[in-house]
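Below you'll find the structure, written out as structure tokens, and then a few comments.
The values are calculated or read from the model by the stated rules, or taken from the named source; none is laboratory data. Keep in mind that what you see is a predicted model, and the values were worked out from it rather than measured. Here the Cβ positions follow ideal geometry from the backbone for every residue, glycine too, while neighbour counts run over all protein chains shown. Remember, those area values only see protein heavy atoms, side chains included, never the ligands or the DNA or RNA. Shrake-Rupley method; radii C 1.70, N 1.55, O 1.52, S 1.80 Å.
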Amino acid sequence: MKSFYLTTPIYYVNDAPHIGHAYTTVAGDVLTRWHRQRGESVWFLTGTDEHGQKVMRTAEANGVAPQAWADKLVEDAWKPNWRALNIANDDFIRTTEDRHMNRVQTFLTSLKDKGYIYQGDFEGPYCVGCEEFKLPGDLLEGDLCPIHSKPVENVKETNWFFKLSEFTDRLLDHYKKNPEACQPESARNEVVAFLEGGVRDLSISRSTFDWGVPVPWDTDQVVYVWFDALLNYATAVGLTDAPDSEGGKKFAQTWPADVHLVGKDILRFHAVIWPAMLMAADLEVPKKVFAHGWLLVGGEKMSKSKLTGIAPADITDHFGVDAFRYYFLRAIPFGSDGSFSWEDMSARYTSELANDFGNLASRLAAMVEKYCGGVLPAVAQDADLSASLKATVATADSAMEALDFQGGINAIMDYCKQVNGFVTIKEPWILAKDPANQQILEDVLYNTAESLRALAVLLHPVMPATTEILWESLGAKATLGEIGAQKVSEIATWGQLPQGATVTKTPVLFPRLEVKE
Ligand code: MSP
């Protein structure tokens, strides 16, 4: 079975991750968890981009060899951050690994053999922050890079070139025929306009430093860091390996990638250069490149180099990991820019997570304990709740499939609101005053518990740890099995929690926030 294969960008190891990097990685994690719960075979790749001048210069500035610098950042910063954020990636690729470097060399040689690589002279501006050759028209006054606001450097070298320009028409044709291949719409329009403006061949090697993959037939040159980095998506799953080898089989199972998640800053690399490289090698191009927006600080892209980077732990220490995972996807339409605000996050935490969701869970557990001795009453089915659940699951599933995280989460939280309304109207605490109402009371509690069962599964990809706690408190783990094994297609089947399940009080799912000094 072909796996649903999703990648994040591989991040530069010049510094530790900030919440912009975490935003992409969490989005990838939520989407892959959702697809796993659809019962699909899934492969989720992330990793680090370790070559090039940007990393090399940072290592030098810290008086360390680049490999030692990269090792330290990967082990002490990148991997621990992803573990802390509960990221369930299947693989982590580093571009300094042999498995990557060897396959890059084989791939490059094959393009040369096909006549797509030639030697030429390059002269032009280069931004080390972007690791990108710029066109003079791209620059701000004073020859500043528009992204880093720093001066570009002039590069003049004899390099190896890739015949990128030969693929312009094929790429245009591809995006016209397959609008879903580059999303959102605004991103696709940008790429099409860029291609229509004409594309130059690309210098794909550098000779003035040596921190990179050596060009196999000219070892005085190293492969241009982006050409090296883009290949990670394919080298990690066995690119260029013989079809009957382990790598070859993995490649057949995963390629083409279903989604490359990227920030809009690196869209052109992914939607122009990368598919052209694949076309040159007669390989399939990715099914979708999705460019999301930026997290902004003071109206500008948040970045460490501008000293506006916020570490994920600064937020998770206060709000917890699950609230972090929830907030950015809930608050910002995926594809648009969004500003992080402590106030907005606090407000949503309190109203949506603590009040709407957390309180519902703790009220239900307390009432089942008080009125039913902690034992779930007989199955009952409220027609409105079960019908809305069906609609909610359908809406959430198609929204997630379209990477509309906000739309998916909104649909789920609207259902949560409806369940709260149900409890408020039914007033179980009043019903409990008269034993004649015992049956109605039990029905209300069952319907609420069953709704929470569905909410736990629906929100599991977004908030894996909290929903796991809720799952156990509903007695669902003991009766229905692991929460991660619950299928999206079965969420709306009413009446799954069995009568007699033991319901226990949850620890508070979203504790009251401490006042921040
Ligand atoms: N190494 C390249 C990518 C190579 S992929 C073959 C790179 N690395 S990076 O460390 O700069 O990370 C870029 C990615 O981090 C962006 O594409 C985006 O996914 C994420 N973000 C970095 N800053 C961000 C914001 N301020 N806001 C949102 N996402 C941001 O480019």
Region 259-296: number of residues that are of a type outside the set (A, V, I, L, M, F, W, C), open to solvent by 10 Å² or more (accessible area, probe 1.4 Å), more than 10 Å from the ligand (Cβ to nearest atom) and assigned to a helix (DSSP H, G or I): 1
Looking only at region 5-20, and only at residues there that are of a type in the set (Phe, Trp, Tyr) and either under 20 Å from VAL297 (Cα atoms) or open to solvent by less than 20 Å² (accessible area, probe 1.4 Å) (or both), the one that is farthest from the ligand (Cβ to nearest atom): TYR5
Test result for THR24, over 17 Å from CYS130 (Cα atoms), more than 8 Å from the ligand (Cβ to nearest atom) and either in contact with a strand residue (DSSP E or B) (Cβ under 6 Å, 6 or more places away or on another chain) or assigned to a strand (DSSP E or B) (or both): no
Candidates GLY495, GLY500, filtered to the one that is in a loop (DSSP other than H, G, I, E, B) and open to solvent by 30 Å² or more (accessible area, probe 1.4 Å): GLY500
Among (1) open to solvent by 20 Å² or more (accessible area, probe 1.4 Å); (2) among the aliphatic types (A, V, I, L, M); (3) in contact (Cβ under 8 Å) with a residue 12 or more places away in the chain, the one test that LEU144 misses: (3)
Members of region 181-200 found to be assigned to a loop (DSSP other than H, G, I, E, B) and surrounded by fewer than 16 Cβ atoms within 10 Å (Cβ to Cβ), listed by number: GLY197, GLY198, ARG200
Checking SER207 against (1) of a type outside the set (Phe, Trp, Tyr); (2) under 30 Å from PRO146 (Cα atoms); (3) in contact with an Asp or Glu (Cβ under 8 Å, 6 or more places away or on another chain); (4) within 15 Å of the ligand (Cβ to nearest atom), the condition it does not meet: (4)
Out of THR208, THR219, sole residue that is open to solvent by 30 Å² or more (accessible area, probe 1.4 Å) and closer than 17 Å to ILE117 by Cβ: THR219
Some residue of region 440-449 being open to solvent by 70 Å² or more (accessible area, probe 1.4 Å) and either modelled with pLDDT of 95 or more or in a helix (DSSP H, G or I) (or both): yes
Hey, TRP34 among the hydrophobic types (A, V, I, L, M, F, W, C), open to solvent by 10 Å² or more (accessible area, probe 1.4 Å) and at pLDDT 95 or above or not: no
Unique residue being more than 30 Å from CYS145 (Cα to Cα) and part of a helix (DSSP H, G or I) when the list is ALA347, ALA378: ALA347
Residue in region 166-180 that is within 21 Å of ARG57 (Cβ to Cβ), touching a residue at least 12 places away in the same chain (Cβ under 8 Å), open to solvent by 40 Å² or more (accessible area, probe 1.4 Å) and of a type outside the set (A, V, I, L, M, F, W, C) present: no
Single residue of region 240-292 satisfying the filter (out of contact with any helix residue (DSSP H, G or I) (no Cβ under 8 Å at 6 or more places or on another chain) and under 23 Å from MET302 (Cα atoms)) that is modelled with the lowest pLDDT: ASP265
